[in-house]
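What follows is a set of notes on a single structure, which appears directly below.
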Amino acid sequence: MNSIEVKDLTKKFGNFTSVDNISFDVKQGEVFGFLGANGAGKSTTIKMLCGILEPSGGDAMVGGFSIKKDPDNVKRNIGYMSQKFSLYSDLTIEENINFFASIYGLEGEKLKERKEWVLKTAGLEDRKDSLTGTLSTGFKQRLALGTAVIHEPKIVFLDEPTGGVDPISRKNFWDLINELSTQGITVFVTTHYLDEAEFCNRIMMIDAGKIIAGGSPGELKTNYLTNPIFETECSKPDQAINLLDDVSWIKSTAFFGEYIHITLNNTEINNSEQRNAEIRDILEKGGLKVSRIERIPPSLEDVFVNLLEKDKQS
Ligand SMILES: Nc1ncnc2c1ncn2[C@@H]1O[C@H](COP(=O)(O)OP(=O)(O)OP(=O)(O)O)[C@@H](O)[C@H]1O
Ligand SMILES: [Mg+2]
């Protein structure tokens with residue numbers, strides 16, 4: 001069953017098209033990743049799907065309601081955690097929970113039960129009287145997610161929920177997302193962390209308002225990037241990139257942390273052994289020390305970088 005159906009959705013601000021005629025479906029209970037660089041159109045899309053921002057064209061059904069014709073019912077039936085999440089720092093944790101509960105009309109036993117659930121989910125059972133402003137970002141994010149689903153919606157939208165937190169907090173947050181999904185809740189999440197996208201059941205990649213790729217993480221890697229890829233660890237990576245960018249059979253190079261990824265042209269599929277040795281040779285002749293060079297399977301980041309380059313060229 002589809003929980004979200006997007007059809008030809010478009011948003012224009014004056015002459016500028018922020019979201020350009022996008023269409024896709026999301027199944028009930030899926031963790032759906034919406035991926036794109038800064039300014040790609042992620043937040044604009046999410047705001048339209050939440051019934052907060054009116055589309056300029058197209059429509060979407062969210063939990064059975066049209067965002068165009070019935071945005072009020074959309075809003076009532078979803079949870080939304082905005083990029084600048086909406087907790088009040090000068091309220092206590094309990095006051096924040098009460099505030100969100102009151103928006104959705106929770107009271108009595110139900111309020112008590114859901115409040116306990118939010119506190120437990122956020123790991124804040126002992127701190128309900130502390131000011132929210134005193135929490136670390138990781139705790140704030142868990143609390144924001146808890147309050148976003150306090151009314152038990154079937155669909156929740158999370159706009160870059162893990163920005164600015166350490167890897168452990170991010171991991172904890174993703175455990176929570178998976179928990180919601182096992183309960184049958186659809187999770188629509190935007191991110192530009194490609195390692196996080198690996199945890200999604202399905203992903204759409206958006207660039208300049210347009211969908212450029214979609215599928216499961218595995219499908220994206222096999223369907224969109226067949227070129228051989230090497231990873232190398234060497235001295236002076238800046239110089240290495242300069243040297244390699246001049247080589248005709250190399251399609252692209254990119255920094256991956258301290259390493260470099262080298263994508264070969266597709267015509268080199270059967271030459272990879274030989275090219276491995278040639279790359280080493282080029283770097284060593286250029287005076288660099290190569291401690292490792294090996295062929296690797298593409299990561300989602302490789303897929304994304306290569307798709308973006310293709311998009312720029314066309
Ligand atoms: N209210 C607005 N008026 C004019 N332009 C806007 C408005 N809102 C967004 N835009 C533009 O639309 C484009 C997409 O913005 P959006 O916020 O959707 O990107 P994003 O993918 O969420 O980026 P980020 O990763 O930085 O959050 C940007 O170029 C932005 O400047
Ligand atoms: Mg955004």
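The values are calculated or read from the model by the stated rules, or taken from the named source; none is laboratory data. These numbers were taken from a predicted model, which means no experiment stands behind them. In this analysis, Cβ positions are derived from the backbone assuming ideal geometry, glycine residues included, and neighbour counts consider all displayed protein chains. In case anyone asks, the SASA skips ligands and DNA or RNA and just uses the protein heavy atoms, side chains included. Shrake-Rupley method; radii C 1.70, N 1.55, O 1.52, S 1.80 Å.
Might you check whether a residue that is open to solvent by 40 Å² or more (accessible area, probe 1.4 Å), over 30 Å from V19 (Cα atoms) and not hydroxyl-bearing (S, T, Y) occurs anywhere in segment 79-91? Within segment 79-91 (the criterion being open to solvent by 40 Å² or more (accessible area, probe 1.4 Å), over 30 Å from V19 (Cα atoms) and not hydroxyl-bearing (S, T, Y)), the answer is yes, since at least one residue qualifies. On the stretch given as segment 149-161, residues that are charged (D, E, K, R), within 25 Å of S102 (Cβ to Cβ) and open to solvent by 10 Å² or more (accessible area, probe 1.4 Å) total 2. Of all the criteria given as (1) surrounded by 18 or more Cβ atoms within 10 Å (Cβ to Cβ); (2) under 22 Å from G215 (Cβ atoms); (3) of a type in the set (A, V, I, L, M), the one not satisfied by M48 is (2). Counted as qualifying within segment 1-120 are the helices (runs of 4 or more DSSP H) with 3 or more residues that are more than 16 Å from ligand 1 (Cβ to nearest atom), namely 71-77, 93-103. Within segment 18-56, count every residue that is β-branched (V, I, T) and away from ligand 2 (no atom under 16 Å from the Cβ). Matching residues across segment 18-56 total 2. Listed by first and then second residue, the pairs linking a residue in segment 1-14 that is farther than 17 Å from L53 by Cβ to a residue that is assigned to a strand (DSSP E or B) and open to solvent by 60 Å² or more (accessible area, probe 1.4 Å), with Cβ atoms under 8 Å apart and 6 or more places separating them unless they lie on different chains, are M1/K27; N2/D25; N2/K27; N2/M61; S3/K27; E5/D25; E5/M61. Here K251 meets the list (1) under 20 Å from the mean Cα position of the chain (by Cα); (2) surrounded by fewer than 21 Cβ atoms within 10 Å (Cβ to Cβ); (3) not small (G, A, S) almost entirely, failing just condition (1).
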